[in-house]
Structures are given as C-alpha cells and as structure tokens.
Amino acid sequence: MFEDLQQVLTGRLVTPDDPDWEQVRRAWNLSVDQRPRAVVVAAGPSDVEHTVAYAGAHGLKVAPQAGGHGATRALDGTIVVRTDALDDIWIDSDARVARIGAGVRWGAVQTALDGTGLTGLPGSTGNISVVGFCTGGGSSWFSRPYGSGAASLRAAEIVDAAGERRWIDDASDADLMWALRGGGGNFGVVTAAEVDLHLAPAITGARLMFPIEQAEQVLTAYGKATQEAASQVTLWAYLVHYPDVPAVPEGVRGKSFCMVDGMTPYQPEALEAALSTVRAAGTPVSDTVQSLQPSGVGEFNSVPAPPQALSLITSTFDELTPDLICTLLEYCGQPSLIFQVQVRHLRASADAERPGVAATDPAAQYMLLAVSIVQDPQAIAVLQKFQEALTPWHAGDMSPTGLSAWGSLDDCYSPADLARLRDIKQRVDPDDTFVGNFRLP
Ligand SMILES: Cc1cc2nc3c(=O)[nH]c(=O)nc-3n(C[C@H](O)[C@H](O)[C@H](O)COP(=O)(O)OP(=O)(O)OC[C@H]3O[C@@H](n4cnc5c(N)ncnc54)[C@H](O)[C@@H]3O)c2cc1C
C-alpha cells in the first residue's frame with residue numbers, strides 16, 4: 001500500500017520496510033516506543049494535504065508530530081506527519097506577531113528576536129515546537145506576565161479533514177480556535193501559525209545553587225519569595241541529583257543540589273528583590289545573575305537537544321507548606337530513580353488573552369514536575385507512588401503539555417469542556433482521521 005501516496009509526495013514516505021525505519025519512527029522521548037504505520041517526512045504543506053486526503057480515502061489516521069517531546073502510544077498505527085521542513089519564520093515587530101511554519105522550534109523564533117526587545121513564550125527548552133507547545137497549553141518562563149502558549153495563538157493555517165488548507169482565526173471559526181488552543185492534533189494538521197510576541201527589553205536570568213542539605217530552608221524561602229514576587233518575575237525551584245556520568249559537567253557530576261532559577265522579561269530589580277529572600281536562606285555554592293538575549297532563554301535550563309528517555313509525573317498545589325516540603329524531601333531529598341523535581345510558580349493573573357480550552361493556566365499557584373531518566377519500569381512505579389503521595393495538596397488540572405505519556409485529557413479538562421471538544425471534533429473531523437498525542441476521551 002501507500003504507492004499512490006508516495007507518487008504525489010515531494011518529501012519521504014517511510015514504512016517498516018525501509019532500512020532506516022527504526023530511526024525515523026522514533027520520537028524525541030525514547031522512553032515512548034511509538035509504532036506508527038508509516039511516517040511522512042513532509043517537504044511542505046502540500047505533502048500534508050496529500051497525506052490527509054489519502055488517509056481520508058483509505059480510512060487511515062494521521063498524527064502530526066514535530067520533535068516528539070510529547071510522544072505517546074496514541075500515535076501507534078497512524079501515519080505520522082513530521083513537520084520539521086515547515087520551517088519558515090516571519091516576524092512583524094511592530095504588530096508583535098510571529099508567523100511560523102509548524103516545524104519551527106521556540107529556539108529558532110527566539111534567535112530571530114535577538115535585539116528586538118521582544119520575546120515569544122519558550123519553556124524549559126528551545127527545542128520544543130511552537131505549534132506543539134501552543135496546541136497543548138504551553139507553560140513558559142514568561143507565562144506569569146504573558147499567559148499560556150495556547151492564549152498566544154492568534155491564527156492557524158490548517159489542513160482539514162477534506163485535505164484542504166486554509167487559515168482560521170477567531171473571526172472565521174471561533175469554536176475551532178478554542179479547540180486548537182489545548183486540544184492538540186485532534187482537529188487538523190496545523191501547517192503554520194501566528195503567535196503573539198511580548199515586550200522583553202531587559203531579560204534577566206538567575207540561578208542560585210545550594211547544597212541539597214539546605215533544601216528545607218531554601219524551599220521555605222522560595223515559597224515566601226514567590227508569594228511576594230512581582231508579576232513579571234518567575235521563580236522555579238529544583239531538587240536535582242546529577243548522575244555520575246561523563247556527559248555531566250565535572251563541577252556538578254554525581255552531586256545533589258537545591259536550586260532556584262529566576263527570570264524576568266524587563267524588571268531586574270524586582271527579580272533581585274525576590275532572589276534576596278532565597279539567598280538569605282542558605283549558603284549558595286553558585287550564584288549567577290545575567291542579562292540574556294531572547295535566544296538565551298530556551299538554553300537556560302541546559303536541557304539536552306538530542307533524544308532522551310525520560311518519564312515524568314506532574315501535579316499542582318497552592319502553598320509550599322512544611323508538610324509538603326517534607327514529602328518532597330522524603331521522595332527526592334536523596335539520589336533515587338527520580339532525577340529531578342521542579343516546582344514552577346504559575347500565572348500572576350487568571351485572565352486569558354483569547355478563549356481556548358487550555359488558554360488559562362491551571363487554577364493553582366504552583367505546578368510540580370518529577371522526572372526520571374532511568375529506563376526502568378521501577379522508575380515509573382516510584383514516580384506514580386510519589387504522585388499519589390502528592391494527592392492531598394493537588395489544586396487544579398494540568399494542561400496537556402504537562403501530562404505524562406500515559407496521561408489523559410480527563411486529567412486536564414472538565415466534563416463540559418470535553419463535551420464541547422467532542423462536538424467540535426464531530427463537526428470538523430467526523431471520520432476521526434486526526435489523532436493527537438492525547439485522544440478525546
Ligand atoms: C525536556 C522537556 C521539556 C519540556 N518543557 C516544557 C515546558 O517548559 N513547558 C511546557 O508547556 N511543556 C514542556 N514540555 C512538554 C512539551 O511542550 C510537549 O511535549 C509538547 O507536546 C511540545 O513538544 P513537541 O514540539 O516536541 O511536540 P510533539 O511531541 O512533536 O507533538 C505533540 C503533540 O502536539 C500536537 N501537534 C504537534 N504538531 C502539530 C501540528 N502541526 N498540528 C496539530 N497538532 C500538532 C499533536 O497533538 C502532537 O501529538 C517539555 C517536554 C520535554 C520532553
């Protein structure tokens with residue numbers, strides 16, 4: 001099968017018979033052994049149109065994928081459409097908008113913004129695609145002042161279930177835009193998008209590293225600093241155990257730390273005020289504050305770009321109480337199968353720029369992520385036990401970009417929002433051709 005499709009494509013169609021199938025079918029997250037039926041490496045938007053039309057005619061399913069940071073087994077049996085070659089970037093600084101192809105990563109947008117005084121909404125790595133991020137919610141270093149990735153999505157060019165390409169926005173199809181802002185790839189393949197840009201004339205980033213033994217007092221001070229922080233200041237805290245392997249820089253290799261990172265788009269004094277509360281709580285072994293260009297933001301966390309195997313769980317809470325700190329330290333205070341726990345201080349305001357199912361941040365003050373980089377079923381069991389232990393503090397649903405590979409949209413949206421998503425899906429994709437990494441329950 002697939003001969004007819006191969007003939008009309010400009011890009012590649014790769015199937016299990018191809019010698020490089022094992023490599024091409026892989027996602028960025030190597031812990032997810034995704035097994036599509038075929039992969040189309042699209043050379044341009046018309047390859048996406050051909051693929052969707054072919055799938056529709058043959059009762060097959062299509063799953064868009066950029067890098068595969070959000071890979072799940074929902075993509076098994078589908079034709080995965082890779083969007084890397086859709087890499088155009090067009091910036092209008094006056095209108096504060098970026099128009100990007102679906103394969104563009106935040107790192108490339110941020111590099112294009114160097115020297116403009118503007119930023120997009122990169123999260124912990126510049127290697128994540130703008131479209132995957134925004135259609136899944138998207139929590140950025142700048143989400144406290146500027147909102148979620150979903151809320152920044154102005155308009156999208158989609159290939160619809162008929163295999164036709166068209167631009168949509170709130171004026172032309174408000175319901176579909178609402179669904180795209182958090183409903184992922186279940187409603188069509190986005191081939192390009194327009195996203196908001198935001199003021200960032202003096203981006204400043206900071207990292208304070210303390211010995212893990214000081215974690216209790218540092219986390220307590222972090223809780224206080226976040227409560228007092230200005231809305232333009234974002235603070236993330238970590239418990240991290242660097243593995244003793246050559247890939248890790250010598251200074252931190254095999255060591256454990258409690259760290260606090262800070263970022264602001266333009267208020268270095270407010271960041272400094274927040275940091276001083278944390279600094280006073282212990283004796284930092286490293287204390288750096290630096291001006292950043294937009295391109296430096298997605299690099300700040302030093303997340304490796306090459307594919308990795310990782311598993312994560314997430315949770316939310318409203319207050320960093322002594323009991324919660326005790327639980328964090330019980331599970332993550334010493335080296336274990338959990339590599340890192342990250343706590344993010346969330347949105348300063350609940351207002352969303354635009355309507356979308358994931359346009360507002362979780363209705364909680366903080367989000368927590370725990371990550372394992374060990375490919376061992378035992379690691380998932382430990383993560384799940386930790387997640388259970390966090391239940392008493394759980395304070396609101398996550399957006400899909402915060403879900404585990406085994407997560408479900410049930411964990412993100414209310415029954416009413418899920419019903420509305422299903423109604424929109426029935427209208428735009430009645431044959432269920434499109435498959436997102438989290439399918440509609
Ligand atoms: C190391 C790491 C760090 C991360 N940091 C953050 C962070 O700081 N903030 C945050 O919010 N998330 C973060 N994430 C989660 C990440 O945002 C999600 O995995 C997200 O799905 C984007 O990743 P991607 O671009 O690789 O998307 P992919 O995995 O390629 O795609 C994920 C899904 O996005 C949708 N999608 C992708 N392309 C299209 C398209 N063209 N048309 C329609 N739908 C599409 C589909 O549903 C697809 O299954 C992180 C993940 C990892 C692994």
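Take the Cα of ARG96, step 7 Å toward its Cβ, do the same at ASP410, and the gap between the two points is 4.1 nm. Footprinting exposure proxy ranking of ARG279, ARG427, fewest other C-beta atoms within 10 angstrom first, gives ARG427, ARG279.
Between the C-alpha center of the stretch 7-64 and that of the stretch 201-263 there is a gap of 40 Å.
Which one of GLY101, GLY254, GLY182 has the biggest mean-square fluctuation once the chain is modelled by GNM with Cα springs under 10 Å? Looking only at GLY101, GLY254, GLY182, the largest GNM fluctuation is found for GLY254. Between VAL357, VAL24, VAL40, the Gaussian network model of the chain with springs among Cα atoms under 10 angstrom shows the greatest mean-square fluctuation at VAL24. Using the Cα gyration tensor of the stretch 204-406, with a ≥ b ≥ c the square roots of its eigenvalues, what is the shape: rounded (a/c below 1.5), prolate (a/b larger than b/c) or oblate (neither)? The shape class here is rounded.
Sequence-ordered 3J(HN,Hα) estimates for the stretch 31-43 from the Karplus curve with 6.51, -1.76 and 1.60 and θ = phi - 60° stand at 6, 9, 8, 5, 10, x, 7, 7, 10, 9, 8, 5, 8 Hz, glycine and proline given as x. In the neighborhood of CYS332, defined by Cβ-to-Cβ distances under 13 Å, what is the net charge if each Lys or Arg adds +1 and each Asp or Glu adds -1? Within the 13 Å Cβ shell, the charges total -1.
Amide H to amide H, which residues 5 or more places from THR191 or on other chains are under 5 Å from it, using H placed in the peptide plane? Under 5 Å from the amide H of THR191 lie the amide H atoms of GLU157, ILE158, VAL159, each far enough along the sequence or on another chain. In this structure, LYS385 and GLN227 have a Cβ-Cβ separation that, at R0 = 25 Å, corresponds to a calculated FRET efficiency of about 0.30. Loop-located chymotrypsin sites (Phe, Trp or Tyr not before Pro) across the stretch 372-424 with a Cβ neighbour count of 14 or fewer within 10 Å are TRP406, with loop assigned by DSSP.
For LEU153, LEU113, the sequence from fewest to most other C-beta atoms within 10 Å is LEU113, LEU153.
Shown is the FRET efficiency for ASP323 and SER291, computed with R0 = 51 Å from the Cβ-Cβ distance and rounded to the nearest 0.05: 0.85.
For a footprinting-style exposure proxy, rank SER372, SER124, SER172, SER399 by other Cβ within 10 Å, fewest first. Working shown, then result.
Values: SER372 23, SER124 20, SER172 11, SER399 27.
Going from least to most buried by this count: SER172, SER124, SER372, SER399.
Length gain on complete extension for the stretch ASP432 to ASP18, per 0.36 nm per residue less the alpha carbon to alpha carbon distance? Don't skip to the answer; put the middle values down first.
Working: separation 414, 0.36 × 414 = 149.04 nm, distance 2.78 nm.
The span from ASP432 to ASP18 would gain 146.3 nm if fully extended.
Summing +1 for each Lys or Arg and -1 for each Asp or Glu among the other residues whose beta-carbon sits under 14 angstrom from that of THR78 gives +3.
Fully extending the segment from ALA363 to ARG35 would add 114.6 nm, taking 0.36 nm per residue of separation and subtracting the current Cα-Cα distance. A simple charge model with +1 on the Cβ of Lys and Arg, -1 on the Cβ of Asp and Glu and nothing else charged puts the dipole of the stretch 1-91 at about 340 debye relative to its Cα centre.
Given only helices, namely DSSP H runs of n ≥ 4 each adding -39500 (n - 2.57), what is the per-residue ellipticity at 222 nm of the chain, to the nearest 500 deg cm²/dmol? Each step should come with its number before you reach the end.
Numbers: 13 runs with 119 residues, N = 441.
After summing the helix terms and dividing by residue count, I get -7500 deg cm²/dmol.
Label-to-label distance for GLU330 and ALA247 is 3.2 nm, based on points extended 7 Å past Cα in the beta-carbon direction.
Throughout, read-outs are computed from the coordinates displayed, never taken from laboratory work. Only a predicted model underlies this, so the values are computations on that prediction, with no experimental measurement involved. Please note: Cβ atoms are built from the backbone with ideal geometry, for glycine as well, and neighbour counts cover all protein chains shown.
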